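Asks: I am attaching a structure below and will ask some questions about it afterwards.
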Number of protein chains: 2
Amino acid sequence: MKPRFNVLTIGVDNLDKSYAFYHNGLGLASKGIVGKEFEHGAIAFFDLQNGMTLALYPRKSLALDAGIPVSAPSPTGFSIGHNVRSKAEVDSLMELAKKAGAKINERARDRFWGGYSGYFQDPDGNLWEVVYNPNMIPVD
Amino acid sequence: MKPRFNVLTIGVDNLDKSYAFYHNGLGLASKGIVGKEFEHGAIAFFDLQNGMTLALYPRKSLALDAGIPVSAPSPTGFSIGHNVRSKAEVDSLMELAKKAGAKINERARDRFWGGYSGYFQDPDGNLWEVVYNPNMIPVD
């Protein structure tokens, strides 16, 4: 298996609400919700850096596509780590997420491994960690 | 917010078993399970292409780190899309995953949007889609 993945699809319960959070609230660019002309086809894509794509997809549609039953959200199922270049940038991004309607479940603080991070949850409870890691500074 | 994320952390119930699946079964390179010297610190990292990292982290540790209660697995919570260069490559990767102990919940088949894909679940029920998308051919 090649060491990569290309798309992270997040299961959501209300696609319009989730799209508004990521696009209007966090400011991620997108062509909007597409595929509405197909039954269970509605989905939103966000093109990210390095050829990665973030997709928002109703949980029910994902269940049908993957051949599994719909399951309730699970906040400890996964966490998306977004690295930034300073502690101040962690704080400002946490503030932006809060204004966009995120739940701040863990305020940013120093971590035992030498970094500084906080966690927020999107409208569906999906977890993001905003991280300043002095050993992993991203290129903007 | 910059359009990126850097780390995808998957919540697992049995770190050793999950690590064996990804490292021995799927063949992803890693330095192994690290951080055992810290309480709730054990974690495994896989360096992927384009500066991405996949991390396996016990659900209980993630809950403590993020300040939320532990929740049961939810297979429709997210799906990791792994693109390949041909339909044959989808089939062979699905076969590799099956041999590694994955549950094949949706055999590879043609999709209405013009591609070909199948889904498998890792030992914790986490969902992967193996995708041949003629409009999104990865560079190996």
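Asks: Among the residues in segment B:129-136, are any aromatic (F, W, Y), within 7 Å of chain A (Cβ to nearest Cβ) and more than 18 Å from B:V12 (Cβ to Cβ)?
Replies: Of the residues in segment B:129-136, the ones aromatic (F, W, Y) are B:132.
Those still in the list that are within 7 Å of chain A (Cβ to nearest Cβ) too: none.
Among the residues of segment B:129-136, not one is aromatic (F, W, Y), within 7 Å of chain A (Cβ to nearest Cβ) and more than 18 Å from B:V12 (Cβ to Cβ), which makes the answer no.
Asks: Looking only at segment B:72-93, count every residue that is among the aliphatic types (A, V, I, L, M) and without any contact (Cβ under 8 Å) to a residue 40 or more places away in the chain and tell me the total. Explain how you work it out, then say what you get.
Replies: Of segment B:72-93, the ones among the aliphatic types (A, V, I, L, M) are B:72, B:80, B:84, B:88, B:90, B:93.
Now narrow it down to the ones that are without any contact (Cβ under 8 Å) to a residue 40 or more places away in the chain: B:72, B:88, B:93.
Residues in segment B:72-93 being among the aliphatic types (A, V, I, L, M) and without any contact (Cβ under 8 Å) to a residue 40 or more places away in the chain: 3 in total.
Asks: Specify which of the listed residues (B:W113, B:W128) is aromatic (F, W, Y) and either over 19 Å from the mean Cα position of the chain (by Cα) or surrounded by fewer than 19 Cβ atoms within 10 Å (Cβ to Cβ) (or both). So that I can check it myself, show each step before the final result.
Replies: Details: B:W128 fails: either over 19 Å from the mean Cα position of the chain (by Cα) or surrounded by fewer than 19 Cβ atoms within 10 Å (Cβ to Cβ) (or both).
Unique residue meeting the criteria: B:W113.
Asks: Answer yes if at least one residue in segment A:13-23 is of a type outside the set (D, E, K, R), crowded, with 16+ Cβ neighbours inside 10 Å, free of Cβ contacts under 8 Å to residues at least 60 places away in the same chain and facing chain B (nearest Cβ under 9 Å), and no otherwise. Working first, answer last.
Replies: Our first condition is that a residue be of a type outside the set (D, E, K, R); within segment A:13-23, this holds for A:14-15, A:18-23.
Checking which are crowded, with 16+ Cβ neighbours inside 10 Å leaves us with A:15, A:18-19, A:21-23.
Still in the list and also free of Cβ contacts under 8 Å to residues at least 60 places away in the same chain: A:15, A:19, A:23.
Narrowing the set further to residues that are facing chain B (nearest Cβ under 9 Å) leaves none.
Within segment A:13-23, not a single residue is of a type outside the set (D, E, K, R), crowded, with 16+ Cβ neighbours inside 10 Å, free of Cβ contacts under 8 Å to residues at least 60 places away in the same chain and facing chain B (nearest Cβ under 9 Å).
Asks: Going through segment B:41-53 one residue at a time, which ones are at the interface with chain A (Cβ under 10 Å from one of its Cβ atoms), part of a loop (DSSP other than H, G, I, E, B) and over 12 Å from the mean Cα position of the chain (by Cα)? Full working, then the answer.
Replies: Restricting attention to segment B:41-53, the residues satisfying the condition of being at the interface with chain A (Cβ under 10 Å from one of its Cβ atoms) are B:41, B:43, B:46-53.
With the extra rule that they be part of a loop (DSSP other than H, G, I, E, B), the set shrinks to B:41, B:48, B:52.
The answer is B:G41, B:M52.
Asks: Does segment A:106-123 contain any residue that is within 19 Å of B:I10 (Cα to Cα) and small (G, A, S)?
Replies: Yes, segment A:106-123 has at least one match.
Asks: Something else: Just for segment A:3-12: of the residues that are crowded, with 19+ Cβ neighbours inside 10 Å and not small (G, A, S), which one is farthest from B:F46 (Cα to Cα)? Break it down into steps so the answer makes sense when it comes.
Replies: The first filter runs over segment A:3-12 and keeps only residues crowded, with 19+ Cβ neighbours inside 10 Å, leaving A:4-12.
Now restrict to residues that are not small (G, A, S): A:4-10, A:12.
On the way: A:R4: 10, A:F5: 12, A:N6: 15, A:V7: 17, A:L8: 16, A:T9: 19, A:I10: 21, A:V12: 27 Å.
Only one residue tops the list, namely A:V12.
Asks: Of all the residues that make up segment B:92-140, how many are more than 24 Å from A:S61 (Cβ to Cβ) and not in a loop (DSSP other than H, G, I, E, B)?
Replies: Residues flagged as more than 24 Å from A:S61 (Cβ to Cβ) and not in a loop (DSSP other than H, G, I, E, B) within segment B:92-140 amount to 5.
Asks: Checking B:L28 against (1) part of a strand (DSSP E or B); (2) at pLDDT 95 or above: exactly one of these is not met. Which one?
Replies: In the conditions (1) part of a strand (DSSP E or B); (2) at pLDDT 95 or above, B:L28 misses (1) alone.
Asks: Using the structure shown, decide if A:A88 is over 23 Å from B:S71 (Cα atoms), outside the structural domain of A:S18 (by TED's automatic domain parsing) and buried (at least 18 other Cβ atoms within 10 Å of the Cβ). Can you show your working first?
Replies: Working: over 23 Å from B:S71 (Cα atoms): yes; outside the structural domain of A:S18 (by TED's automatic domain parsing): yes; buried (at least 18 other Cβ atoms within 10 Å of the Cβ): no.
No.
Asks: Here is a follow-up. So which residues in segment B:71-91 are out of contact with any Lys or Arg (no Cβ under 7 Å at 6 or more places or on another chain), within 7 Å of chain A (Cβ to nearest Cβ) and part of a loop (DSSP other than H, G, I, E, B), if there are any at all?
Replies: Selection gives B:S71, B:A72, B:P73, B:S74, B:P75, B:G77.
Asks: I'd like the full set of residues that are over 16 Å from A:W128 (Cα atoms) and either more than 7 Å from chain B (Cβ to nearest Cβ) or at pLDDT below 95 (or both), limited to segment A:54-70. Talk me through it step by step, then tell me what you get.
Replies: The initial filter retains those residues of segment A:54-70 that are over 16 Å from A:W128 (Cα atoms), namely A:57-70.
Hits for segment A:54-70 are A:Y57, A:P58, A:K60, A:S61, A:L64, A:D65, A:P69.
Asks: Identify the single condition in (1) acidic (D, E); (2) facing another protein chain (nearest Cβ under 8 Å); (3) surrounded by fewer than 17 Cβ atoms within 10 Å (Cβ to Cβ) that B:E106 does not satisfy, given that it satisfies every other one.
Replies: Status for B:E106: all satisfied but (3).
Asks: Would you mention how many residues in segment A:31-40 are part of a loop (DSSP other than H, G, I, E, B) and surrounded by 12 or more Cβ atoms within 10 Å (Cβ to Cβ)? Steps first, answer last, please.
Replies: Of the residues in segment A:31-40, the ones part of a loop (DSSP other than H, G, I, E, B) are A:31-32, A:35-40.
Remaining after also requiring surrounded by 12 or more Cβ atoms within 10 Å (Cβ to Cβ): A:35, A:38, A:40.
Within segment A:31-40, residues that are part of a loop (DSSP other than H, G, I, E, B) and surrounded by 12 or more Cβ atoms within 10 Å (Cβ to Cβ) number 3.
The values are calculated or read from the model by the stated rules, or taken from the named source; none is laboratory data. These numbers were taken from a predicted model, which means no experiment stands behind them. Neighbour counts are summed over all protein chains in view; Cβ atoms, including those assigned to glycine, are modelled from backbone coordinates with ideal geometry.
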